[in-house]
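Read-outs throughout are calculated quantities, based only on the coordinates presented, and are distinct from any laboratory measurement. Predicted model only: the values in this text are computed from it and were never measured. Here the Cβ is made from the backbone with ideal geometry for all residues, glycine too, and neighbour counts use every protein chain on show.
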Amino acid sequence: QSFKLLGFLDVRSVPCARESVLYGSLGSFVVGLGHFLATSRVRRSCDFAVGGFICTMLGYWFYCRYNLAQHRIRQRMLKEGMRNKILFEGSSLDPERKQTGNERSDS
């Protein structure tokens, strides 16, 4: 069972969607309640709450997606480094292997 926000954003399968909606609703509540306590105007506070939802949700969406992209890049680099370590370990291309005088003269 999936939950689609606005009919197209599947909150369960899209990374960062669930957290963005939750933080957006919290931001909406805080901004709306804060504006209501400051001005006692209900309709205007609801408008501010909708704006707070949109701003908070989009702000956290971009923050989360940026961190996810960075994490994937680091993961890809680590995976390639591990593959190269396994591939070159013990060979003459191994950067950690210390070459002695005899090995240098052979090559």
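See the values below:
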quantity	calculated
Ratio Rg/Rh, restricted to the range 17-86 and using Cα atoms, in which Rh is the Kirkwood radius	1.38
Theoretical FRET efficiency, 1/(1+(r/R0)^6), r = Cβ-Cβ of Ser25 and Asn67, R0 22 Å, to 0.05	0.60
Contact order relative to length of the range 17-86, as percent, for alpha carbon pairs under 8 angstrom and 6 or more apart	35
Surrounding net charge for Arg83, when Lys and Arg each add one and Asp and Glu each subtract one, Cβ distance under 12 Å	+1
Two-site label geometry, Met82 and Val50: point separation in nm, points 7 Å out along Cα→Cβ	4.9
FRET efficiency estimate (nearest 0.05) - Cβ-Cβ, Val11 to Gln75, R0 30 angstrom	0.80
